[in-house]
Amino acid sequence: FMRTSLGAAIVFDKQSPLLFMFTSRQTNRSIGELSSLEVICCSVECMNAKQNIMGTSVIQLTATDADDPTYGNSARVVYSIVEGQPYFSVDAKTGVVRVSLADMDRETRENYTVVIQAKDMGGQLGGLAGTTTVNVTLGDINDNPPMFDQRLYQMSIPEAAPVGFSGGAYLGQGQGHWAERRDVKKPLNFEGKPSYTLKVEGANTHLDPSLRHRGPFKDVTIVHVSVEDVDESPQFESPEYYVELSEDAEIGTLVKTISARDPDAANNTVRYSIDKSSDPEKFFYVELTTGSLMTVRSLDREEIGWHNITVLAMEMNNPTKISSVSVAVRVLDVNDNPPTLTHYLEAYVCENAKAGQLVQTVTAVDLDEPLGGQRFYYSLAPEAANNPNFTLRDNQDNTAWILTRRGGWSHQDQTVFYLPIFISDGEQPVQSSTSTLTVRVCSCDHDGNVLSCTAEAYILPASLSRGALIAILACIFVLLVMILLMLSLRTHRKKPFLCDEEENVHENIVRYDDEGGGEEDTEAFDIAAMWNPREAHHHPGKMRQDMLPEIESLSRYVPQACVMGGGDSSVHGYVLAKLLDADMDACAPPYDSLQTYAYEGEGSVAESLSSLQSGTSNTDHEYDYLNDWGPRFKKLAEMYGVLETNTPQMW
């Protein structure tokens with residue numbers, strides 16, 4: 001709703017025809033020009049206009065005059081069109097705007113401006129007038145057929161293009177722009193068909209019913225497709241191969257001939273090989289030029305039942321062009337494995353078992369898989385055919401029973417029986433084997449449950465269980481370990497020093513290679529203390545840690561007159577004091593001591609060799625007797641013996 005400064009009211013509703021009115025309280029006074037209004041056709045009206053039907057109503061305008069309608073022609077309004085001819089016209093009395101020109105086409109002109117004038121006084125001279133503007137937009141209808149931009153299209157596609165490859169789009173015109181795309185639906189082959197000609201038709205599928213009388217709305221064009229030649233990989237005769245081969249086939253047996261060719265016009269030579277990853281253990285070989293697939297190793301169905309091999313084909317002139325094919329080889333079974341017993345290689349019989357009692361039900365297994373199923377036959381081995389202890393019954397259902405032939409079993413008589421069982425199958429060639437069943441004699445209860453199968457159970461007291469025996473043995477072992485540990489500790493204990501000289505009969509001979517430095521050696525001891533004992537007495541703080549102070553020991557055993565003397569008497573007294581100190585402390589050997597090596601043992605042929613207490617000198621001693629003491633004293637005899645000149649050697 002909009003109100004003007006002159007009191008005019010304008011009402012606009014897009015869902016119904018436009019109504020406008022002019023109101024004024026002053027008679028025959030101009031209300032001026034109204035604001036322009038935009039009118040968008042509804043579908044029915046636009047369709048009528050599109051169909052060039054003259055008189056189609058577009059909109060209705062209404063102007064109202066406030067003058068007294070009973071007073072002459074002051075309030076009688078007449079409508080006229082100021083702008084918009086010759087396309088539109090307005091009814092002078094009703095104000096209805098209509099189409100007045102045929103062949104109006106939206107594709108030619110879409111928008112129109114129409115100016116309508118309303119004048120009172122019946123339109124006579126001197127009447128007042130007002131104008132309004134109506135903007136008319138033509139709506140579109142489907143009245144144009146599709147059209148291709150060209151009558152002929154040409155394109156090329158490589159023959160190696162995969163299925164679904166887009167071949168191109170063909171533009172056309174119609175209700176807006178449109179395009180047609182063609183895709184490859186089947187593999188192309190330049191050698192088979194180098195070109196294709198397509199007839200492409202574009203049709204309007206949503207034709208307006210009122211325009212069907214004009215005929216079909218469609219267009220046609222021609223598309224010429226050329227297939228481009230491409231150097232292709234070799235092609236195999238079959239997409240895959242399946243072969244069945246017996247497992248006893250000899251080495252070099254022909255499995256299958258694989259054939260491939262170059263599809264190009266050049267038809268290059270093809271070479272064959274096997275993908276190493278598909279046959280890692282190298283059971284097969286393919287001939288390089290012929291493609292013959294052969295065995296190079298013995299086959300075993302029980303080890304590998306299927307071989308999936310990939311054979312490669314390569315162009316000789318272009319090694320990059322390689323194709324592959326899968327060859328599935330199924331290994332057929334041959335009866336080459338003997339049946340054997342399954343699991344039950346050990347059984348037991350109770351001591352209270354009677355004759356004819358079931359010991360064990362045995363079954364067999366065969367790695368082969370015959371078409372008719374497994375069939376096994378059981379019997380005792382020939383060496384056990386007359387076994388007095390057990391018998392075998394074949395149940396004819398691939399099982400057999402081991403039965404006892406006697407009673408009175410005793411574990412003390414025999415603990416283990418070995419029963420050889422012969423098993424054969426029913427296929428050709430017949431395979432057989434002999435398995436040994438170990439039967440142990442056991443002690444059982446009344447229900448046949450095993451109590452014990454070991455010999456120890458029969459030598460233990462009835463009141464002593466196995467757990468008690470283990471505990472006793474463990475205790476004995478612990479006691480033995482403790483005793484050994486105590487003895488070891490006593491052995492390693494340090495023995496006391498023997499004070500009795502009679503028991504200390506073994507003496508140690510110590511060799512001193514390093515002679516002392518004499519009085520010049522001031523590092524081993526302090527020579528000043530020996531020459532001047534009284535000076536050492538005034539330093540009681542200096543003492544050796546391994547013995548009593550020297551002056552104190554000297555004062556106990558050496559007379560003062562000797563100590564106070566000078567010169568050699570002082571040294572002599574000091575030495576005597578030391579000797580006395582060593583003699584009095586026999587249980588703790590001092591660092592400075594005198595040892596006498598006089599005992600040399602017994603049993604020596606040479607008796608004593610010591611020169612101690614000997615009254616003769618080296619010059620008076622004869623060594624000829626060394627030659628009589630044997631080879632051990634040969635070296636000494638040579639050193640101290642008499643030469644051929646009978647002149648003694650002096651050393």
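The values are calculated or read from the model by the stated rules, or taken from the named source; none is laboratory data. Here the structure is a predicted model, which means the values were calculated and not measured. Virtual Cβ from ideal backbone geometry, glycine too; neighbours counted across all protein chains shown. All accessible areas refer to the heavy atoms of the entire protein, side chains included, with ligands and DNA or RNA removed. Shrake-Rupley method; radii C 1.70, N 1.55, O 1.52, S 1.80 Å.
Overview of results
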| quantity | calculated |
| --- | --- |
| Region 370-397, residues that are part of a loop (DSSP other than H, G, I, E, B), open to solvent by 40 Å² or more (accessible area, probe 1.4 Å) and either among the aromatic types (Phe, Trp, Tyr) or in contact with a Lys or Arg (Cβ under 9 Å, 6 or more places away or on another chain) (or both) | Pro388 |
| Subset of region 300-358 (residues that are without any contact (Cβ under 8 Å) to a residue 40 or more places away in the chain and over 30 Å from Trp401 (Cα atoms)) | Glu303, Ile304, Gly305, Trp306, His307, Asn308, Ile309, Thr310, Pro319, Thr320 |
| Flag for Thr434 being under 30 Å from Ile304 (Cβ atoms) and either charged (D, E, K, R) or open to solvent by 40 Å² or more (accessible area, probe 1.4 Å) (or both) | yes |
| Hey, Glu191 under 30 Å from Asp262 (Cα atoms) and either in contact (Cβ under 8 Å) with a residue 24 or more places away in the chain or outside any helix (DSSP H, G or I) (or both) or not | yes |
| Number of positions in region 246-262 that are surrounded by fewer than 19 Cβ atoms within 10 Å (Cβ to Cβ) and either touching a residue at least 60 places away in the same chain (Cβ under 8 Å) or of a type in the set (S, T, N, Q) (or both) | 6 |
| Flag if Thr94 is in contact with a Ser or Thr (Cβ under 9 Å, 6 or more places away or on another chain) and not in a loop (DSSP other than H, G, I, E, B) | no |
| Residue in region 281-299 that is in contact (Cβ under 8 Å) with a residue 60 or more places away in the chain and basic (Lys, Arg) present | no |
| Candidates Ala66, Ala75, Ala102, Ala92, filtered to the one that is among the small types (Gly, Ala, Ser) and touching a Pro at 6+ places or on another chain (Cβ under 8 Å) | Ala75 |
| Residue list for region 318-352, filter: aliphatic (A, V, I, L, M) and farther than 30 Å from Thr415 by Cβ | Ile322, Val325, Val327, Ala328, Val329, Val331, Leu332, Val334 |
| In region 340-350, the residues that are of a type outside the set (A, V, I, L, M, F, W, C) and open to solvent by 50 Å² or more (accessible area, probe 1.4 Å) | Thr340, His343, Tyr344, Glu346, Tyr348 |
| Count - residues of region 97-128 that are open to solvent by less than 30 Å² (accessible area, probe 1.4 Å) and not in a loop (DSSP other than H, G, I, E, B) | 8 |
